[in-house]
Amino acid sequence: MDAAFALEVFDKAPYITVSFTRPDGRPYGVPLSMARTDEKTFYFHGAMEGEKMDCIAHCPIVALSAVTRCAPTVGPKDNSFTLEFKSAMAVGKAEVITDKEEKVEALRAICQRFLPRHMDAFEQALAESLDVTAVVRITLTEPPTGKRKQYDRHGEEMKWGRME
């Protein structure tokens, strides 16, 4: 599926798994609450020190993946055991944000995505935690891609590009 489909999956997924490379070369994948601000830019926040920060310092190239609408099912035509899903993958470069204005806007985007009804508490939370919170920007280095398996109302698998 195309980039627009993949971005929609990322936007709807409650978590996006980000895969990092540890300094010793081993992989480290962790599901994160992320917000996207344009076609290439994602943000997450966390502690100022720790495994994610060590990984970014070692190798800033990361992989993102997400799955939505995932449900086991029986194929309507052949009774096969299968799974309907929508998924997205992307590759990007992670950078720890040092610019205060960008940090604030990134945190605002994250809060707006996950707690839009509580934005009245944003300024107080920001005042209490901005200096002890790391914010990371992931900039996609190539267009994201997506995959899906989905059946239409007649039991036909909707192949690549077919939307309903």
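Below, the figures for the structure above:
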quantity: Sorted by Cβ neighbour density within 10 Å, fewest at the top, the residues Val74, Val135, Val104; calculated: Val74, Val104, Val135
quantity: Förster radius 30 Å - calculated FRET efficiency between Thr68 and Ala47, Cβ distance, rounded to 0.05; calculated: 0.65
quantity: Listed candidates (i) 0.94; (ii) 1.05; (iii) 0.97 - label of the one calculated as Rg/Rh (Cα atoms, Kirkwood Rh); calculated: (ii)
quantity: Under-5 Å amide H pairs with Glu84, H placed in peptide plane, nonlocal only; calculated: Ala71, Thr73
quantity: Violating pairs (Cα-Cα greater than 31 angstrom) within the set Lys100/Lys147; Lys103/Lys149; Lys12/Lys93; Lys12/Lys52; calculated: Lys100/Lys147; Lys103/Lys149
quantity: Ascending count of other beta-carbon atoms within 10 Å, so fewest first, for Met158, Met34; calculated: Met158, Met34
quantity: Dipole axis of the chain (+1 Lys, Arg; -1 Asp, Glu on Cβ), positive-most option in Ala66, Gly92, Leu126; calculated: Ala66
quantity: Label-reachable residues, segment 46-77, where backbone N falls under 14 Å from a point 7 Å from His154's Cα toward its Cβ; calculated: 77
quantity: Per-residue HN-Hα couplings for segment 118-135 [Karplus 6.51, -1.76, 1.60; θ = phi - 60°; Hz; x = Gly/Pro]; calculated: 10, 5, 5, 9, 4, 4, 5, 4, 4, 4, 7, 10, 4, 6, 10, 10, 8, 10
quantity: Check: the chain dipole with +1 on Lys, Arg Cβ and -1 on Asp, Glu Cβ, in debye; calculated: 600
quantity: Residue-wise HN-Hα coupling along segment 92-102, computed from phi with Karplus coefficients 6.51, -1.76, 1.60 (Hz; x: Gly, Pro); calculated: x, 10, 8, 9, 6, 7, 10, 6, 4, 4, 5
quantity: Between segment 121-148 and segment 73-98, the alpha-carbon center distance in angstrom; calculated: 22
quantity: Options Cys55, Phe44, Leu32, ranked by Cα towards positive dipole end of the chain, top entry (Cβ charges); calculated: Leu32
quantity: Relative contact order (percent, whole number), the chain, Cα cutoff 8 Å, 6+ residue spacing; calculated: 30
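No value in this document is a laboratory result; all are computed from the given coordinates. Predicted model only: the values in this text are computed from it and were never measured. Note that we place each Cβ from the backbone using ideal geometry, even for glycine, and neighbour counts take in every protein chain shown.
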